[in-house]
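Report on one structure; see the data block that follows.
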Amino acid sequence: ALAATLARAAKPLDIAVTATEAGLDIDVRGLGPASEGLRLKLVQLADRLDLARLALHGDVVVERRKPLIAMGRALVTPAPGGFLQATALGEATIVDLARAAIGKRKKVADLFCGVGAFALRFAETAEVYAAEADRKAIAALDAAARKAPGLKRIRGETRDLFRRPLTAAELNGFDAVAFDPPRAGAEAQARMIAESKVPLVVAISCDAGTLARDAAILTRGGYRLTTLTPVDQFRHSAHVEAVGVFERR
C-alpha cells in the first residue's frame, strides 16, 4: 500500500518495518523530499493501516502510538529505522548466551551497544557502561533505562569506537566486556582489548570473516576462545550470527 502511494516518484524505495508492542513502525527511505499533500496522504494511509508510526528518511510523518520494544524490564522507543536485531527470538538467544558467560560480574562494558539490547539486560545484575556512535540510539537507551524498574546504573556515551576505541587503561576498570559491532567488525577496539587485563570478553558478530580477524587479535593478546555458538536469526538468508566467549589465560 505504501509503495503504491509513492509509486509516482518512480524511485527505488527502502522500506524498513519493525514489529513493536504498539504495532508496525515503518521508515521509508529513497523518496526524497515529500510535498505536504503527499505527507497528508501518508498520514491518512497510516491511519487506515493502523500503523504505530510512519517516517520518511527518519523524519516522523505521524506517530499514532509510541512504538515500544521490550528489552528485559525496559521498554525502548528506537529512532525511525534505527538498528535492531533481526528477530525477537534471535535477540533473546544471543542475549542469554552473553548473560550466561558474564554471570555475576558487577562492572560490564557494552560496546557498539545500539539501543541497549544487551546493556538493559546486563543492568539487571551489573553496573553498565554503554558506548555507541549513534546519538539517537544512546538517547533511546537512556530514556528506557530511566523508566525501567530495578536496574543498576547504566552510563551511556556517544562515542565512535572505530575512531576512538576504549583504551586498555579504560577497559581495565571492567570485569567483562561485550561488543556487537556492524559487519565491518571491531578491529581497532579488539586491539585495545588485547592490550587490556579484562578477564572476560563476549564477541557478538554477524560476519564470520571479521569475527575471525578480531578473534585472532584477541588470542594473540592472550585470550582463549572457550565457546563459539552460531545463531540462525537471519531468516531466509545465509547470514549467521555468532557469539564467542574469550577468557584471559
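Annotations
- Global geometry of the range 38-174, whether rounded, prolate or oblate, following the gyration tensor of its Cα atoms and the 1.5 cut on a/c: prolate
- If you wrap the Cα atoms of the range 90-145 in a convex hull and average its projected area over all directions, you get 3.6 nm².
- Stokes-Einstein D in µm²/s, Kirkwood radius over Cα pairs - the range 124-249 at 20 °C with 1.002 mPa s viscosity: 139
- Sequence of 57, 236 when ordered by accessible area, the most exposed leading, probe 1.4 angstrom: 236, 57
- Calculated log₁₀ intensity ratio I(q)/I(0) where the Debye formula runs over C-alpha points of the chain, q = 0.08, 0.12, 0.16, 0.17 Å⁻¹: -0.34, -0.72, -1.12, -1.22
- Stokes-Einstein diffusion of the range 1-106 at 25 °C, 0.890 mPa s viscosity, Kirkwood radius from Cα pairs, rounded to a whole number: 160 µm²/s.
- What you get for the range 22-66, charging only the Cβ of Lys and Arg (+1) and of Asp and Glu (-1), is a dipole of about 60 debye around the Cα centre.
- Of 107/197; 147/197; 104/152; 11/41; 104/197, pairs whose Cα-Cα distance is over 22 Å: 147/197
- Total charge dipole magnitude, the range 163-249, about the Cα centre, Cβ charges on Lys, Arg, Asp, Glu only, Debye to nearest 20: 260
- Solvent-accessible area of the chain (1.4 angstrom probe, protein heavy atoms only): carbon and sulfur portion equals 54 percent.
- Relative protection proxy for 97-107, 45-55, from highest mean packing down: 45-55, 97-107 (other beta-carbon atoms within 10 angstrom).
- Accessible surface, per residue, of the chain when the full set of protein chains is kept, probe 1.4 Å, Å²: 49
- Extension gain from residue 87 to residue 125, taking 0.36 nm per residue of separation minus the Cα-Cα distance: 11.2 nm
- For the range 30-142, a crude dipole built from +1 on the beta carbon of Lys and Arg and -1 on the beta carbon of Asp and Glu, taken about the Cα centre, is about 240 debye to the nearest 20.
The values are calculated or read from the model by the stated rules, or taken from the named source; none is laboratory data. This one's a predicted model, so the numbers in the text were calculated from it and none came from an experiment. Methodologically, a virtual Cβ is constructed for each residue, glycine included, from the backbone with ideal geometry; neighbour enumeration extends over all protein chains shown. Protein only, heavy atoms only, side chains kept; ligands, DNA and RNA dropped before computing areas. Shrake-Rupley method; radii C 1.70, N 1.55, O 1.52, S 1.80 Å.
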